[in-house]
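Written below as structure tokens is the structure these notes are about.
The values are calculated or read from the model by the stated rules, or taken from the named source; none is laboratory data. Keep in mind that what you see is a predicted model, and the values were worked out from it rather than measured. Cβ coordinates were reconstructed from backbone atoms using ideal geometry, including for glycine residues, and neighbour counts include every protein chain displayed.
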Amino acid sequence: AGVDALLDDRSERAGVKFKDAELIGIPWRLVVGRGAANGVVELVERCSGDKQEGPASELMDFLLKRLSLQRLGD
């Protein structure tokens with residue numbers, strides 16, 4: 001899909017991982033947590049703080065569209 005991803009699979013607490021992602025400037029965070037067993041993930045946009053939860057496939061479609069628009073300057 002032309003998107004670079006960073007997988008943080010360290011054995012740290014989630015808060016430590018989120019803080020580190022903020023410090024290095026990761027613009028979007030896809031959290032695969034407890035809801036993953038039910039197919040639910042969380043998508044967080046760094047600049048606005050907006051959070052969405054839903055099925056992984058729907059959120060990935062949303063993210064790819066947003067990234068496309070952002071690349072065009074919108």
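Consider the range 58-74 and keep the residues that are part of a helix (DSSP H, G or I) and acidic (D, E). The one that is farthest from V3 (Cα to Cα) is E58.
Inspect the range 10-19 for any residue being β-branched (V, I, T), in contact with a helix residue (DSSP H, G or I) (Cβ under 6 Å, 6 or more places away or on another chain) and at pLDDT 95 or above and give the result as yes or no. No, the range 10-19 contains no residue that is β-branched (V, I, T), in contact with a helix residue (DSSP H, G or I) (Cβ under 6 Å, 6 or more places away or on another chain) and at pLDDT 95 or above. A Cβ distance below 9 Å, combined with a sequence gap of six or more or placement on separate chains, defines the contacts here; from the range 1-18, residues that are in contact (Cβ under 8 Å) with a residue 40 or more places away in the chain and surrounded by 10 or more Cβ atoms within 10 Å (Cβ to Cβ) reach no residue that is polar (S, T, N, Q) and part of a loop (DSSP other than H, G, I, E, B). Out of E22, E12, E53, E58, one residue alone is touching a strand residue (DSSP E or B) at 6+ places or on another chain (Cβ under 6 Å) and acidic (D, E). It is E53. Picking from residues in the range 41-57 that are in contact with a Phe, Trp or Tyr (Cβ under 8 Å, 6 or more places away or on another chain) and assigned to a strand (DSSP E or B), the one that is surrounded by the fewest Cβ atoms within 10 Å (Cβ to Cβ) is Q52. The set of residues from the range 22-40 being within 17 Å of D4 (Cβ to Cβ), among the aliphatic types (A, V, I, L, M) and surrounded by 12 or more Cβ atoms within 10 Å (Cβ to Cβ) comprises I26, L30.
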